Every structure is written in structure tokens, then in C-alpha cells.
Amino acid sequence: MKKITLLLTAILAICLCACSQGNKKRENENPDKKSTKTLVAYFSATGTTKAVAQQLAEVAGADLHEIKPAQPYTEADLNWKDKQSRSSVEMEEKSSRPEITEKLSNMADYEVIYVGFPIWWYTAPTIINTFIESYDFKGKTVIPFATSGGSSIDDACEDLKKAYPDINWKEGRLLNNATKEDLEAWVE
């Protein structure tokens with residue numbers, strides 16, 4: 001009986017060591033993945049970009065932050081056919097900086113920031129400029145993403161790079177109808 005107990009104890013010890021080594025190997029396969037703190041920040045006037053941002057945050061293992069305007073946009077504000085609508089006026093006036101609420105107190109903690117928005121007038125809404133100008137992005141990687149009814153993200157990315165050349169921008173992506181698999185492939 002003593003021999004069986006010793007034999008089982010030895011087998012158990014060997015198994016535990018092997019499992020421990022396997023876990024260490026997996027932890028070391030991608031050390032940056034665990035240490036990189038990621039944020040998905042988004043502005044969504046109608047909920048379309050919000051849905052994509054939530055899914056992206058889940059896939060990326062990121063924190064989620066909504067860029068909220070101090071004065072929410074109404075349907076009338078978003079009427080792009082009305083040259084006097086709030087969104088039309090803001091987009092016409094490039095220096096417009098709509099006020100935002102709920103500023104992040106821990107932005108310094110994030111190394112990678114996905115910034116999402118709907119495409120307005122072929123570019124990012126001016127509230128995105130408000131967000132960017134509210135923080136120090138030095139040393140951070142910023143990745144734009146957008147949703148759109150018909151425009152590409154290309155002009156928005158170029159405009160952001162031109163306006164904020166000191167930010168480490170990565171290639172942006174239009175995420176209309178993106179599946180979880182699409183997002184996983186992009187995040188990798």
C-alpha cells in the first residue's frame with residue numbers, strides 16, 4: 001500500500017510540474033497581449049457605431065468608453081439635408097469642438113486606443129477632435145474605425161493624421177456589418 005501511495009504521489013507531482021510548465025509557456029507566447037492596456041472609445045449618434053464598438057471591445061479585451069456630447073444630438077440635429085442643422089453647421093465650421101462629458105481620468109493607463117465614429121461629410125465628426133484634444137496621446141497607438149452609409153474611412157484617416165501628426169496612427173478600418181470573426185482578424 002505504501003508503494004502505491006508513493007507511486008501515486010510521484011505521478012501527481014510530475015503531472016503538476018508538467019501543467020505548470022505548459023501554463024508558463026502559454027503566458028510567454030505573447031507577453032504584450034497581457035500587459036498592453038487597450039481602450040475602445042467611440043462616438044455614436046444613432047447606435048450603429050456603438051454596436052460595433054461594444055463588439056470590438058469584447059474581441060480586443062479592451063475597456064469601453066463612450067464619447068458623449070454634453071448636448072445629445074436630436075434627429076433634427078442630424079439632418080444632413082438641412083444646412084442649418086447642428087451637424088451641418090459643426091461640420092462646415094472645422095474649428096467646431098462640441099463639448100463632451102465624462103472625461104476619462106485614467107487615459108494615461110492605455111497604450112492602444114481604438115477611436116470609433118460615424119462618417120459625417122466624408123470625415124470624422126468634430127466631436128472626435130474634441131476627444132483627441134482632451135488628452136495627451138504621446139507614446140500611444142491610435143487606431144480609427146468607423147461606420148458609414150456609403151463613404152470610406154480614407155478621408156477621415158488622412159484628416160486626422162494631418163491634424164494630429166504627432167500621434168502614432170495605425171491604419172483605420174470601416175467596420176460596417178463586421179462580424180466577430182472580422183474583428184478578431186483585424187485585432188490580431
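The values are calculated or read from the model by the stated rules, or taken from the named source; none is laboratory data. If you're wondering where the values come from, they're calculated on a predicted model, not measured in any experiment. When we count neighbours, we look across all protein chains shown, and the Cβ atoms used for this are built from the backbone with ideal geometry, even at glycine. These area figures cover heavy atoms from the full protein model, side chains too; ligands, DNA and RNA do not enter into them. Shrake-Rupley method; radii C 1.70, N 1.55, O 1.52, S 1.80 Å.
Anything in the stretch 156-183 that is in contact (Cβ under 8 Å) with a residue 24 or more places away in the chain, of a type in the set (D, E, K, R) and open to solvent by less than 80 Å² (accessible area, probe 1.4 Å)? List them, or say none.
159
Take the conditions in contact with a Lys or Arg (Cβ under 7 Å, 6 or more places away or on another chain), touching a residue at least 12 places away in the same chain (Cβ under 8 Å) and of a type in the set (D, E, K, R) and apply them to residue 111. Does it pass?
yes
Counting only residues that are of a type in the set (A, V, I, L, M), give me the helices (runs of 4 or more DSSP H) lying completely in the stretch 70-164 with at least 3 of them.
In the stretch 70-164, the matching helices (runs of 4 or more DSSP H) lie at 126-133, 154-163.
Can you work out which of the residues in the stretch 138-155 that are more than 14 Å from the chain's Cα centre (by Cα) and under 25 Å from residue 37 (Cβ atoms) is least open to solvent (accessible area, probe 1.4 Å)?
Per the criteria, the residue is 153.
Output the number of the condition that residue 177 fails; it satisfies all remaining conditions of (1) touching a Phe, Trp or Tyr at 6+ places or on another chain (Cβ under 9 Å); (2) modelled with pLDDT under 95.
Unmet condition: (1).
Considering only residues that are over 16 Å from residue 132 (Cβ atoms) and touching a Leu at 6+ places or on another chain (Cβ under 6 Å), look in the stretch 63-113 and name the one that is surrounded by the fewest Cβ atoms within 10 Å (Cβ to Cβ).
That would be 63.
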